[in-house]
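The values are calculated or read from the model by the stated rules, or taken from the named source; none is laboratory data. Remember, it's a predicted structure, so these values are computed and weren't measured experimentally. Positions of Cβ are backbone-derived with ideal geometry, glycine not excepted, and every protein chain shown enters the neighbour counts. Calculation scope for accessible area: heavy atoms of the full protein, side chains included, ligands and nucleic acids excluded. Shrake-Rupley method; radii C 1.70, N 1.55, O 1.52, S 1.80 Å.
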Amino acid sequence: MVKSSVAGWLFAGPALAIIGVFFFLPVLAAFALSLTDFDIYALADLSNLRFVGFQNYIELLQRPLFWQALGNTLYFVLVGAPLSVFVSLAGALLLNGQMVRFKGFFRTALFAPVVTTIVAVAVIWRYLLHTRYGLINYSLDWLGLPVVDWLGDPHFSMPSIILFAVWKNFGYNMIILLAGLQAIPGDLYEAARIDGANALQRFFHVTLPSLIPSLFLVGVLTMAGYFQLFAEPYVMTQGGPVQSTLSIIYLMYEEGFKWWSLGSASAVAFILFVFMIVAAIGQLVVMRRYGSGV
């Protein structure tokens with residue numbers, strides 16, 4: 001008779017093997033690549049490959065362009081991720097209201113941007129934000145307000161991309177939060193009403209604490225996705241103007257596939273990985289502290 005522990009390993013073995021081959025092995029290979037000067041010359045002849053240790057990391061940390069890309073990425077994450085979660089929560093609360101009709105239609109309409117091709121909608125947004133022919137500037141001019149060069153002005157380019165990203169992604173988080181809202185027992189709201197709690201007090205003392213697991217999941221997913229900012233600036237601004245929308249992933253793309261410095265590109269990826277791990281741990285600590293305080 002096979003022991004239960006052996007049977008468990010036999011069942012889990014294939015899945016662990018797949019994870020090891022398709023996740024851990026590529027990660028280890030990428031880390032090894034970041035310790036070399038792998039470039040187009042090494043790609044042609046491996047005898048040109050040299051082990052450089054942490055030289056790629058040191059050179060990156062000394063480049064102003066890296067810090068500008070990191071600053072742009074943090075700006076996008078710190079402003080865009082909370083805004084996206086807030087809009088998602090607002091949409092979920094509205095769709096969960098008892099007075100709302102045609103909920104199925106609105107759920108589909110608000111989720112539609114998530115499943116549309118990002119390149120297609122980014123091109124449409126470029127037309128909407130066009131300085132001379134865009135609908136937004138046309139509306140501003142009609143109201144007597146000055147027009148704005150949304151994608152050509154360094155002060156407005158990143159906020160424009162943040163608005164686009166929030167519009168594109170909030171529907172996914174909204175569905176998760178809506179499921180969390182519908183899982184809250186109605187007895188809790190009934191007890192709060194009997195105790196005299198108004199709508200605002202019910203939100204802060206019943207809804208919000210019950211949504212903490214869903215909010216944590218949404219927060220981690222949103223943060224991880226926003227750290228990987230690439231398609232939006234690639235299609236809409238090409239990292240400009242004056243590199244105001246250059247992100248870490250965009251820098252990694254240019255290092256790896258424009259300049260063929262694959263060792264440096266791998267180092268950029270691992271530095272970003274460290275930032276994402278630190279941010280996820282920070283979110284976990286805040287959520288646990290907030291959850292224990294309510």
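The table that follows gives values for the structure above.
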{"quantity": "Nitroxide proxy distance, nm - points 7 Å out along Cα→Cβ at A231 and A90", "calculated": "2.4 nm"}
{"quantity": "Contour minus Cα-Cα distance for W259 and W167 (0.36 nm per residue)", "calculated": "29.8 nm"}
{"quantity": "Where W142, W125, W9, W67 fall by accessible area, highest first, once all protein chains stay in place (1.4 Å)", "calculated": "W142, W9, W67, W125"}
{"quantity": "Where the chain is the region considered: accessible area per residue in Å², 1.4 Å probe", "calculated": "60 Å²"}
{"quantity": "In sequence order, calculated HN-Hα J values of the range 96-101 (Karplus, 6.51, -1.76, 1.60; Hz; x Gly/Pro)", "calculated": "8, x, 6, 8, 6, 10"}
{"quantity": "Heavy atoms of H205 accessible to a 1.4 Å probe, total area in Å² rounded to 10", "calculated": "140 Å²"}
{"quantity": "Interchain or long-range residues, amide H under 5 Å from T36's placed H", "calculated": "V52"}
{"quantity": "Part-to-part distance (alpha-carbon centres) for the range 182-232 and the range 81-145, which is given in Å", "calculated": "22 Å"}
{"quantity": "Of all accessible heavy-atom area on the chain, the percent that carbon and sulfur account for (1.4 Å)", "calculated": "71 percent"}
{"quantity": "Karplus 3J(HN,Hα) series, Hz, for the range 82-88 with 6.51 cos²θ - 1.76 cosθ + 1.60 (x for Gly, Pro)", "calculated": "x, 5, 5, 5, 4, 5, 4"}
{"quantity": "Largest-first principal axis extents, alpha carbons of the range 149-219, Å", "calculated": "56, 21, 15"}
{"quantity": "R0 of 45 Å, Cβ-Cβ distance D141-A191: FRET efficiency to nearest 0.05", "calculated": "0.25"}
{"quantity": "Estimated [θ] at 222 nm from DSSP helical runs (n ≥ 4, -39500 (n - 2.57)) normalised by residues in the chain, nearest 500", "calculated": "-22500 deg cm²/dmol"}
{"quantity": "Sequence of R50, R202 when ordered by accessible area, the most exposed leading, probe 1.4 angstrom", "calculated": "R50, R202"}
{"quantity": "Where K3, K103, K258, K168 fall by accessible area, highest first, once all protein chains stay in place (1.4 Å)", "calculated": "K3, K258, K103, K168"}
{"quantity": "With eigenvalues of the C-alpha gyration tensor scaled by 5 and rooted, the range 224-294, Å", "calculated": "31, 16, 7"}
{"quantity": "Under the Karplus curve 6.51 cos²θ - 1.76 cosθ + 1.60, θ = phi - 60°, whole-Hz ³J(HN,Hα) for the range 42-58, x wherever Gly or Pro sits", "calculated": "5, 5, 7, 8, 5, 5, 7, 6, 10, 7, 10, x, 8, 4, 4, 5, 5"}
{"quantity": "Whether the range 1-135 is rounded, prolate or oblate, judged on the alpha carbon gyration tensor where a/c under 1.5 counts as rounded", "calculated": "oblate"}
{"quantity": "Average silhouette area of the range 91-228, convex hull of alpha-carbon atoms, in square nanometres", "calculated": "11.3 nm²"}
{"quantity": "Accessible area (Å², 1.4 Å probe, nearest 10) - I281", "calculated": "100 Å²"}
{"quantity": "Total charge dipole magnitude, the chain, about the Cα centre, Cβ charges on Lys, Arg, Asp, Glu only, Debye to nearest 20", "calculated": "760 debye"}
{"quantity": "Charge dipole of the chain about the Cα centre (unit charges at C-beta), most positive-ward option of F170, F51, A267", "calculated": "F170"}
